[in-house]
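The structure appears right after this line, and notes come after that.
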Amino acid sequence: MNASEAFLITSHANINYLSGFKGSNGFMLVTKKKKILFTDSRYIEEAKYVISKSIQLENITKVWKNPKELKKHWQKILKKFHIKRIGFEGSHMTVNRFKKFKSISPKVQFFDASETLEQLRAIKTKKEISLIRKSQKITEKTFLLIKKFIQQSKNKKLREINVVWEIKRLGFTLGAEDISFEPIVAFGKNSSRPHHHSGNTILKRGDIVLIDMGMKFKGYCSDMTRMIFTAKPTKEQKKIFDIVLEAKETAIKKIRPNSLEQKIYSTAQEIIEKNGFGKHFQHGLGHGVGLEIHESPSLTDKGKNRLKPNMVTTVEPGIYLPGKFGIRLEDMVIVTEKGVEKITRIK
């Protein structure tokens, strides 16, 4: 960033990351010399307590509703910091909001800085990694209790949605502040849909169960997918499980600093492909996890960035046989200075 550039931050996750502010209404202007947080009267007191003294706080309650005053106030700030170019979050900002900022910044050039801003949070601090580890521990403890809950359940009408609610209840009991995302619980043939919406399907003896879940601890997410067998796996289920497991473990071993995202994806994809199930692997191999459940890096067939130490990513290959069943296994890992460390501890 040079002296005449600034970043306009509008996503809640990035505002939280840069300032500690978690209010639902606000935006930031980050210049080379100053960070400025704009919010309304509902959040001013909260902001004073959570942001550092180095961040300038602006109450925009009145000016935001008055176009002339807003433009005057905004241009005064741009002039003070000699701002000629503003990078905005193109992957986040609505068209209408972008037009509003353009209208009050007639002499400023806007450019999409989405990728730059995404990379900002990609490399985690020691504190962030510690919080992600704690989040994952809660997820694992929850899963082990859920596994027992399903295997020992005497409810002959146990529905997917019953398990979802039990996941939430147990997670909160174990210390989670929230779920990272709505849990995916898929019974039987529903597991062949990678992003199945859990519903009223009743568990039957012999059903395979896919559970994709994660908890949030002090703002930081975790993510894990595991399979539960309610009876001895069939030969076909075991075969698919073993292929997915091999793809996951082999891909994890290939993770190193400077590894290309696409290369890690290809490692898993080639194992699934050589076993004849290439067309049944229908999604990316993994994604970064932090304040959001999906962030940089991105282990996909088009991933062009290189991994760096202290990035956190999932590795989650899957094979899905329509109308029959699906197998997905997902771990979280940290890229280290020399290789990789698996955060996920349970098998």
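Read-outs throughout are calculated quantities, based only on the coordinates presented, and are distinct from any laboratory measurement. Remember, predicted model here, so these are calculated numbers, not experimental data. Reconstructed Cβ throughout: ideal geometry from the backbone, glycine too, with neighbour counts over all protein chains shown.
Brief remarks follow.
- Diffusion of region 212-319 by Stokes-Einstein, at 20 °C in a medium of 1.002 mPa s and with Rh set to the Kirkwood radius over alpha-carbon pairs, works out to 146 µm²/s.
- Gain in span if fully extended, Ser41 to Leu144, counting 0.36 nm per residue against the direct Cα distance: 32.6 nm
- Averaging Cα coordinates gives a centre for region 265-335 and one for region 51-79; these two points are 43 Å apart.
- For the residue pairs Lys232/Lys324; Lys127/Lys168; Lys34/Lys124, alpha carbon separations beyond 19 Å are given by Lys127/Lys168; Lys34/Lys124.
- Förster radius 56 Å - calculated FRET efficiency between Lys304 and Ser153 (Cβ-Cβ, nearest 0.05): 0.75
- The Cβ shell under 10 Å around Leu203 holds other residues with a net charge of +3, Lys and Arg each +1, Asp and Glu each -1.
- Fully extending the segment from Phe181 to Asn200 would add 4.9 nm, taking 0.36 nm per residue of separation and subtracting the current Cα-Cα distance.
- Computed from the C-beta positions of Lys127 and Lys254 and an R0 of 35 Å, the FRET efficiency is 0.80 to the nearest 0.05.
- Its Cα centre serving as origin, the chain has a Cβ charge dipole (Lys and Arg +1, Asp and Glu -1) of approximately 660 debye.
- Cβ-Cβ FRET estimate between Lys324 and Phe172, R0 fixed at 41 Å, reported to 0.05: 0.75
- Dipole-positive endmost among Gly286, Tyr220, Val244 within region 126-342 (Cβ charges, Cα centre): Val244
- Only helices enter the 222 nm calculation for the chain: every DSSP H run of n ≥ 4 contributes -39,500 (n - 2.57), and dividing by all residues gives -11000 deg cm²/dmol, rounded to 500.
- Subtracting the Cα-Cα distance of Lys34 and Glu341 from their residue separation scaled by 0.36 nm leaves 106.9 nm.
- Rounded if a/c under 1.5, otherwise prolate or oblate - region 5-120, Cα gyration tensor axes: rounded
- Relative contact order (percent, whole number), region 213-347, Cα cutoff 8 Å, 6+ residue spacing: 29
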